[in-house]
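So the structure is just underneath, and the comments pick up after that.
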Amino acid sequence: MNKKQTAGQKAAEWIKDGMKVGLGTGSTVYYTILELGERLKNERLQIDAIPTSKETEKLAQSLGIPLTTFADVTRLDVVIDGADAVTPTYDLIKGGGGALLREKLVAKSADTFIVVVDDSKQVNDFKGLPIPIEIVPFAFQTTMQRISTFSSELALRMKKPNAVGAVNAVNEPFVTDNGNYVVDAKFAHMDSIGSPAKLHEKLKSLTGVVETGLFTGMADIVVVGCDEGAKVFRKVNADYHAEALNDF
Ligand SMILES: O=C(CO)[C@H](O)[C@H](O)COP(=O)(O)O
């Protein structure tokens, strides 16, 4: 079993009968969703799920996972999602797959937000790492200019050459499920900005910025897949405590 699978499958244990569940996007939570599909086949488990992307919606549908929307649900019992980077204080960078806005909307509606990563995602800090920022396409050049006043490096995310609907990928911006663009921006001078939370606030205050991939103080549980198995870290008040393996 690879480390992503270890973490993804472990987190699926959290889902209990009758729960409203948010399903994240990416190659780690993929294993949570597969496991959930298996459990639905083998157990008397009734759940309703909200996907964070069209990709996850398709996967959930293919596995027979019942879906719902925020028209019918206001809170979610649990949301499980991946991350691109996790600090020792459990701040996250998300949005590698471009689903950051829906992922944040869904995670903010969670009673328990569980993050699943392999141990390669553990970092000391976000210095120099690209932060995905969702921006509106209109006048995106001016929004990028505003971000560039304090970013050390930034790039408009382009479609991957083999992406669905990519005609001339090199010249086509990646478009999110919400019809927006994504900028990946590095901030070499994080120290002068203060903290990821401050950076998020600074970015959010710029006209044209819709959301950032900085998820600070949001994770309730972090499941890390490593060689020894799944390590679970749980937030208790403001601190995170490691739990014994399998004590989940
Ligand atoms: O934020 C995300 C998508 O927008 C993903 O959760 C993040 O990129 C991690 O993906 P993976 O589990 O494939 O490494």
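Please treat every number below as a calculation from the coordinates, not as lab data. Note that the structure is a prediction, hence the values are computed from the model and not measured. Here the Cβ positions follow ideal geometry from the backbone for every residue, glycine too, while neighbour counts run over all protein chains shown.
Per-residue Cβ neighbour counts within 10 Å put Leu34, Leu203 in the sequence Leu34, Leu203, beginning with the fewest.
Projecting label points 7 angstrom from Cα along Cα→Cβ for Asp125 and His241 puts them 2.9 nm apart. Beta-bridge orientation, the range 36-164: approximately 20 percent antiparallel, per DSSP, counting only bridges with both partners inside. Taking 7 Å steps out from each Cα toward its Cβ at Lys16 and Glu153 produces label points 4.7 nm apart. For the chain, the Cβ-based charge dipole about the Cα centre amounts to some 500 debye (Lys, Arg positive; Asp, Glu negative; other atoms uncharged). Estimated from helices alone, the mean residue ellipticity of the chain at 222 nm is -7000 deg cm²/dmol (sum of -39500 (n - 2.57) over DSSP H runs with n ≥ 4, per residue). Only one residue of Phe70, Leu34, Leu59 has its Cα farthest out toward the positive end of the dipole of the range 1-84, where Lys and Arg carry +1 and Asp and Glu -1 on Cβ, and that residue is Leu34.
Separation of the range 62-83 from the range 190-248 is 21 Å, based on Cα centroids.
One equal scatterer on each Cα of the chain, no solvent, Debye formula: the resulting log10 I(q)/I(0) at q = 0.14, 0.17, 0.18 Å⁻¹ is -0.94, -1.31, -1.42. Overall form of the range 1-69: oblate. Here a/c, set by the Cα gyration tensor axes a ≥ b ≥ c, is 1.5 or more, and a/b is not larger than b/c. Residues considered: Gly213, Gly194, Gly24. Largest GNM mean-square fluctuation over the chain, using C-alpha springs under 10 Å, is found at Gly194.
Looking at the chain alone, DSSP beta bridges between its own residues are antiparallel in about 60 percent of cases.
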